[in-house]
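The values are calculated or read from the model by the stated rules, or taken from the named source; none is laboratory data. What you see is a predicted model; the values in this text were computed from it and never measured. Here the Cβ positions follow ideal geometry from the backbone for every residue, glycine too, while neighbour counts run over all protein chains shown.
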Amino acid sequence: MAQSVRLARTAGTPPHLPANIPPTDSLYRRLTGAVPTMTVPLLCFPFAGAGASFFTPWQRYDLKATRVHPVQLPGRERRLDDPPYPDVFTAVESMADELIAEADLSSGPVALFGHSFGAVLAYEMARHLSEKKGIPVAHLFVSGSAGPRTRREAGATGLPDDEFLARVREFAGYDHPTMQDPELLELLLPTLRADVETHEAYVSTADDPLDAPITSLRGLDDELVSTEQARQWETVTRSGFRLDELPGGHMYLTEYPGPLLKLVDDELKAWA
């Protein structure tokens, strides 16, 4: 039976891992030094316009069962000169082999997390790893997203720059500092446009449910994704589903990552 849980706001777990984690040219950034073997790698896919660095602070939390691995998409940060992927399916096909090539991902199991645009990337990657690469998926965490069979309204694709940015701010309820810097915005805008267009054009083509449990997450005050939309993910898994609502709006994870990471870590303890 599906579960629906609302979590009260709690203080975040204090960081215990090394603060100075250098960036690399790998698809995702790895912790320096040795990592525990009895943990599950969590591939983290960012929201539209964001890069792997968004998840770097998550690596400093004292997680018992989880190794946070931010996935770096093209068109930003270390991959600034790489063109964005034209669609979700091309993105998954292009990234999968490099992810698998990492020693701690080749044997599984793996868990995946994605927020908004990142949620559909995480879902399609979970399907690809499980069905085409034979890598067991321990859990899929999808955040701030309607189910994959729901076509996103084309609310921002094709708008002039000012209208596009205003619409993105309206959708997200979040104004990244980069949007206030004209020079940085000039670098970010093509990637943000590509991500939004790719997200709004996406609809799942899969017929069979995913053979992995799914947790769908949303902010209690999210005005973009309703509880009913977040619950749509229940229809695409045969292995268990739960819905959790956390304090905050659509971008709740930018303010209160502690409760989210505790939820994820608790879920993965059975695999560690």
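Would you check if there is a residue in region 130-143 being closer than 20 Å to ASP195 by Cβ and basic (Lys, Arg)?
no
Tell me which residues, restricted to region 234-248, are assigned to a strand (DSSP E or B) and polar (S, T, N, Q).
Within region 234-248, just THR237 meets the criteria.
List every residue pair whose Cβ atoms lie under 8 Å apart, where the two residues are 6 or more positions apart in sequence or sit on different chains, the first residue falls within region 224-236 and is over 13 Å from VAL120 (Cβ atoms), and the second residue, located anywhere, is of a type in the set (Lys, Arg) and in a loop (DSSP other than H, G, I, E, B).
Listed pairs, sorted by first residue: THR235/ARG149.
Say we look at region 222-237 and pick out the residues that are of a type in the set (D, E, K, R) and at pLDDT 95 or above; which of these is farthest from THR157 (Cα to Cα)?
Among them, the one singled out is GLU234.
Would you pick out the residues in region 88-107 that are small (Gly, Ala, Ser) and either crowded, with 19+ Cβ neighbours inside 10 Å or within 22 Å of SER143 (Cα to Cα) (or both)?
ALA91, ALA96
Can you name the residue in region 181-203 that is of a type in the set (D, E, K, R) and more than 21 Å from LEU121 (Cβ to Cβ) and is also surrounded by the most Cβ atoms within 10 Å (Cβ to Cβ) among such residues? Show your work before the answer.
Start the filter on region 181-203 by keeping residues that are of a type in the set (D, E, K, R), which leaves 181, 183, 186, 193, 195, 197, 200.
This time we only want the ones that are more than 21 Å from LEU121 (Cβ to Cβ), so: 181, 183, 186.
On the way: ASP181: 12, GLU183: 8, GLU186: 10.
Taking the candidates together, the pick is ASP181.
Among the residues of region 73-85, is any more than 18 Å from PRO209 (Cα to Cα), touching a Phe, Trp or Tyr at 6+ places or on another chain (Cβ under 9 Å) and surrounded by 23 or more Cβ atoms within 10 Å (Cβ to Cβ)?
Yes, region 73-85 has at least one match.
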